[in-house]
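*Asks:* Attaching a single structure in structure tokens format; questions to follow.
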Amino acid sequence: MNRTTADGRASAQQKEEPTRTMAARILITTDYLHPGDAVDQLLRGHGLEPVHSPARGPRPLAGRRSLFDGMSGAILASEPVTADMLAHATSLKVIARSGVGYDSIDVQAAAGQGIRVCNAPGTNHHSVAELTLGLIIMAARRLLEVTTAVRNGQWPREAGHELRGSTLGIIGYGPGGRATAKLGAALGMNVLVSTAHRDPENAAVLFTDLDTVIRNADYLSLHTRAGQGTDWLIDAPRLHAMKPTAVLINTARGSLVDEEALAKALSDGTIAGAALDVLESEPLPGDSPLCGLENVLITSHLAGQTIEARARAGLAAAHAVIDVLENREPAHPVDR
């Protein structure tokens with residue numbers, strides 16, 4: 001009860017303050033997003049409260065189940081989001097991936113609870129294409145072997161291959177596949193593409209069927225989505241269909257490749273080499289059949305991890321969260 005002055009009026013300093021509405025909380029697990037950055041400021045500018053919990057490996061069961069407690073939205077890295085986790089997410093309204101792939105999220109379970117799921121396409125395809133080209137060049141010129149030998153005091157004079165005139169096979173023609181095709185064509189490579197979304201206006205690319213691409217590629221690069229019948233797209237029979245001099249490049253999804261069959265194909269000379277930025281299980285398990293093979297180059301899922309791509313992807317995910325919470329249709333929903 002307010003105290004009163006001598007004339008019976010309440011003191012201004014002692015009046016009760018109006019009740020403040022708590023800001024909606026937004027979970028952020030993407031490890032390159034930090035308090036005070038552009039994403040943090042954008043969310044706060046819309047009256048939201050970012051909560052950072054960076055994904056740095058598997059969380060314990062209790063941590064997974066409580067991850068979304070009290071959260072209205074989430075900006076996620078590629079960590080798994082299961083139906084069990086979503087069953088405990090009673091306040092969650094939207095999940096936005098700070099990247100393109102969303103196969104780590106149980107979209108069907110989310111939709112069943114009315115949780116929108118969005119991704120950020122078109123934010124990292126140039127980065128993906130540039131790393132793909134870098135991996136191709138490393139394989140063609142045997143740069144890993146050479147630099148390792150020089151570091152160990154040797155001076156090898158390895159003969160590599162020119163890319164001009166070789167065949168670049170691309171499976172999938174989304175933004176990453178398109179950007180990779182352009183780089184390959186610019187270097188004078190013959191570009192074959194297997195896709196359900198052909199671009200007849202692009203004279204620099206020959207669109208053909210999957211088996212033809214696999215059979216003729218000197219460098220076979222994967223840019224298609226996982227799921228929908230594409231798991232283990234590259235299995236033992238398709239590895240045997242490749243040229244023995246061919247190199248497989250995967251910057252798309254680890255689940256596209258049968259790693260046990262790939263390890264055998266690399267060991268017995270069925271194909272010449274592989275360069276993988278994504279794996280079925282990440283980080284690379286110590287007992288993986290790929291460990292110890294000299295003709296495979298493995299990077300740590302960093303195809304889209306440039307400073308420029310990270311900035312675009314983080315902001316795109318933040319805008320998706322804001323749109324849903326402010327009752328607008330997000331730009332890139334994957335649930336509809």
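Since every read-out is calculated from the coordinates, none of them should be taken as a lab result. None of the values given here were measured: they were computed from a predicted structure. Neighbour counts are summed over all protein chains in view; Cβ atoms, including those assigned to glycine, are modelled from backbone coordinates with ideal geometry.
*Asks:* Segment 125-298: Rg/Rh from Cα coordinates, Kirkwood Rh? If you can, show how the numbers build up before the last one.
*Replies:* Numbers: Rg = 15.6 Å, Rh = 16.3 Å.
My calculation of the ratio gives 0.96.
*Asks:* Can you give me the Kirkwood hydrodynamic radius for segment 81-152, using every pair of distinct Cα atoms, in Å to one decimal?
*Replies:* Working: mean 1/r = 0.0653 Å⁻¹.
Every distinct Cα pair counted, the radius reaches 15.3 Å.
*Asks:* Here is a further query. Counting only other residues whose beta carbon sits under 15 Å from that of P80, what net charge do I get with K and R as +1, D and E as -1? Show your work: numbers first, answer last.
*Replies:* On the way: positive: R56, R59, R64, R65, R97, R253; negative: E79, D84, D103, D106, E280, E282.
With Lys, Arg at +1 and Asp, Glu at -1, the net is 0.
*Asks:* Using the number of other C-beta atoms within 10 angstrom as an exposure proxy, rank L220, L33, L61, L302 with the fewest first. Before the final figure, lay out each step's value.
*Replies:* Numbers: L220 27, L33 23, L61 10, L302 13.
Listing L220, L33, L61, L302 from fewest to most nearby Cβ atoms yields L61, L302, L33, L220.
*Asks:* Give me the net charge for the shell around N152: Cβ to Cβ below 14 angstrom, other residues only, Lys and Arg +1, Asp and Glu -1.
*Replies:* On the way: positive: R151; negative: E145, E294.
Computed value for this residue: -1.
*Asks:* Starting at the first residue of segment 155-170, write each ³J(HN,Hα) from the Karplus equation 6.51 cos²θ - 1.76 cosθ + 1.60 with θ = phi - 60°, in whole Hz, x for Gly and Pro.
*Replies:* Ordered by residue, 3J(HN,Hα) equals 9, x, 10, 6, 9, x, 10, 6, 7, 4, x, 7, 10, 9, x, 10 Hz.
*Asks:* Now for a different question. For segment 120-179, how big is Rg over Rh, using alpha carbon atoms and the Kirkwood form of Rh? Before the final figure, lay out each step's value.
*Replies:* On the way: Rg = 15.1 Å, Rh = 13.5 Å.
Expressed as Rg/Rh, it is 1.12.
*Asks:* Could you pull out every residue, at least 5 positions away or on a different chain, whose amide H is within less than 5 Å of the one on E49? Hs are placed 1.01 Å off N in the peptide plane, and Pro or chain starts have none.
*Replies:* The list, which skips near neighbours in sequence, is A24, R25, I26.
*Asks:* Let me ask something additional. Taking the Kirkwood radius as the inverse of the mean 1/r across Cα pairs, report the Rg/Rh of segment 44-184.
*Replies:* On the way: Rg = 21.5 Å, Rh = 18.7 Å.
On the Cα set of segment 44-184, Rg over Rh gives 1.15.
*Asks:* Add +1 for every Lys or Arg and -1 for every Asp or Glu among the other residues with Cβ under 15 Å from the Cβ of D277, and state the total.
*Replies:* Numbers: positive: R253; negative: E130, E259, E280, E282.
Spelling it out: positives minus negatives among the neighbours equals -3.
*Asks:* Once the chain is represented by equal point scatterers at the alpha-carbon sites, with solvent omitted, what log10 I(q)/I(0) does the Debye formula produce at q = 0.10, 0.12, 0.16 Å⁻¹?
*Replies:* -0.67, -0.90, -1.31
*Asks:* Whole-Hz ³J(HN,Hα) for each residue in segment 243-259, computed from phi via Karplus 6.51 cos²θ - 1.76 cosθ + 1.60 with θ = phi - 60°, x for glycine and proline: what do you get?
*Replies:* 5, x, 9, 7, 10, 9, 10, 10, 10, 9, 9, x, 6, 6, 10, 6, 5
*Asks:* Taking amide H positions as placed 1.01 Å from N in the peptide plane, with prolines and chain starts having none, which residues 5 or more places from A275, or on another chain, fall under 5 Å of its amide H?
*Replies:* Here the answer is L248, I249, N250, L297, since their amide H atoms fall under 5 Å of that of A275.
*Asks:* Could I ask something else about it? For segment 22-27, what does the Karplus curve 6.51 cos²θ - 1.76 cosθ + 1.60, with θ = phi - 60°, yield as ³J(HN,Hα) per residue in whole Hz, taken in order and with x for Gly and Pro?
*Replies:* Whole-Hz 3J(HN,Hα) from phi for segment 22-27: 5, 5, 4, 9, 10, 6.
*Asks:* Name the residues whose placed amide hydrogens come within less than 5 Å of the amide hydrogen of W232, ignoring near sequence neighbours (fewer than 5 apart) on the same chain.
*Replies:* Here L256, V257 satisfy the definition.
*Asks:* Using only the C-alpha atoms of segment 245-336, find the volume of their convex hull and express it per residue in Å³.
*Replies:* It comes to 136 Å³ per residue, whole-number rounded.
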